[in-house]
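Shown next, in structure tokens, is the structure this report addresses.
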Amino acid sequence: MSEKTLTSSGFYVSQEAFVPTNNPVPTPKAPPPDIVRCAYMEIVVSNLAASRKFYVEVLDLVVTAEDEHTLYLRSTEEFIHHNLVLREGPMPAVAAFAYRVRSPAELDRAVDFYTELGCRVERRAEGFTRGIGDSVRVEDPLGFPCEFFYDVEHVERLAWRYDLHSAGALVRLDHFNQVTPDVPRATRFMQDLGFRVTEDIQDEHNTVYAAWMRRKSTVHDTAMTGGDGPRMHHIAFATHEKHNILFICDKLGALRLSDCIERGPGRHGVSNAFYLYVRDPDGHRIEIYTQDYYSGDPDNPVITWDVHDNQRRDWWGHPVVPSWYNEASPVLDLDGNPQPVAPRTEHSEMAATIGADGFSYTRKQDDDASTSEKGEYKLGNQL
Ligand SMILES: [Fe+2]
């Protein structure tokens with residue numbers, strides 16, 4: 001990153017540069033595919049009926065198609081076949097992080113780009129899932145199963161069908177979040193793939209704990225979170241407004257499903273979005289997210305948060321629950337076997353932000369701070 005300037009908001013801004021890493025994935029000579037946006041995720045669930053109840057009856061996603069073992073879901077504003085595929089299988093996991101590319105020709109680029117990197121690449125003219133045609137799946141250099149496609153069946157955009165919407169309607173797929181041991185290596189690779197960095201979390205030693213990056217003009221299409229990986233941290237759907245998220249909380253309470261709520265509702269520091277994290281019946285994490293900012297200018301400033309800033313993950317200063325840092329979904333290789341998980345070797349964000357006394361709220365000058373100054377009254381400190 002270029003020189004950082006402290007803003008009146010308490011974080012730093014700089015202009016994006018290639019992220020330095022001592023363990024880079026080689027930059028291919030072949031150009032990367034032109035990615036439009038994150039488009040869908042395919043996840044394996046252990047009980048399709050239980051998952052259908054959660055995603056369709058509780059979260060109100062729209063069913064595009066279904067058969068005995070598979071459910072294809074979309075958000076209300078979506079016009080492509082699906083944003084989420086639930087496939088029943090023996091082990092809950094993620095089978096694909098799928099991105100839409102700008103034209104059919106970009107699939108050739110994807111093949112060349114990943115082949116040069118020595119990655120496993122598989123192309124299917126008939127597609128890997130219903131509703132999608134010619135597609136390329138790869139095991140990327142970070143160990144994640146990724147798909148690229150252009151050809152897709154269009155379906156009705158239900159944005160105007162308010163008669164079908166609940167007060168918690170999920171209107172768009174917003175982003176993925178991936179867990180990886182080496183965030184600078186992963187971020188630099190994603191820059192080579194054409195992603196732009198919008199925000200990150202660092203400490204005074206330049207250790208990078210997480211980074212957010214985009215193709216579309218929002219804060220991100222995916223984020224890299226430091227931890228044992230490759231694993232999937234969450235998939236995020238957007239609502240129009242924050243009151244829609246509060247309705248989802250009220251509904252979960254009314255259904256006596258409050259245990260599904262893992263973290264939030266709250267306001268993020270990073271991204272400035274309003275958020276809620278819920279866990280599905282298999283523990284896959286879903287974020288409900290709304291109202292981040294436009295990031296599409298070429299000189300959009302990169303925001304850097306101090307890992308010791310207690311407002312980086314929650315603008316109101318609420319601590320992050322340990323499960324949010326520690327738990328994530330396995331990812332599969334192209335044969336459907338779980339990818340081995342490598343441990344994070346650098347300092348973990350949880351270790352950096354939870355004091356030795358176990359309180360998940362710290363300040364640099366914490367040593368002789370009073371109980372209330374340490375934030376022990378904050379929600380979550382009893383954990
Ligand atoms: Fe997120």
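The values are calculated or read from the model by the stated rules, or taken from the named source; none is laboratory data. Treat the numbers as computed from the prediction; the structure is a model and nothing was measured. All Cβ positions, glycine included, derive from the backbone under ideal geometry; neighbour counts span all protein chains shown. The protein model used for the area step is the full one, side chains on, heavy atoms only, and it has no ligands, DNA or RNA in it. Shrake-Rupley method; radii C 1.70, N 1.55, O 1.52, S 1.80 Å.
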How big is the gap, in Å, between the Cα center of the stretch 1-75 and the Cα center of the stretch 282-346? 10 Å
In whole Å, largest first, the alpha carbons of the chain cover along the principal axes 64, 54, 38
If you roll a 1.4 Å probe over the heavy atoms of the protein chains, what accessible area per residue do you get for the chain, in Å²? 42 Å²
Quick one: with all protein chains in place, what share of the accessible area of the stretch 32-145 is carbon or sulfur, to the nearest percent (1.4 Å probe)? 48 percent
List the relative contact order of the chain as a percent without decimals, with contacts defined as Cα pairs under 8 Å and 6+ residues apart. 17 percent
Under a 1.4 Å probe, counting only protein heavy atoms, residue 82 has an accessible area in Å², nearest 10, of 0 Å²
Each label point is 7 Å from the Cα along the Cα-to-Cβ direction; what then is the distance between the points at residue 22 and residue 254, in nm? 5.6 nm
How big is the accessible area of residue 217 in square angstrom, nearest 10, if you roll a 1.4 angstrom probe over the protein chains? 50 Å²
All Cα pairs of the stretch 126-284, percent lying beyond 27 Å: 35 percent
Solution diffusion estimate, µm²/s, Stokes-Einstein, the stretch 312-358, Kirkwood Rh from C-alpha pairs, 25 °C, viscosity 0.890 mPa s: 184 µm²/s
Could you compute how much accessible surface residue 109 exposes when probed at 1.4 Å, giving the result in Å² to the nearest 10? 100 Å²
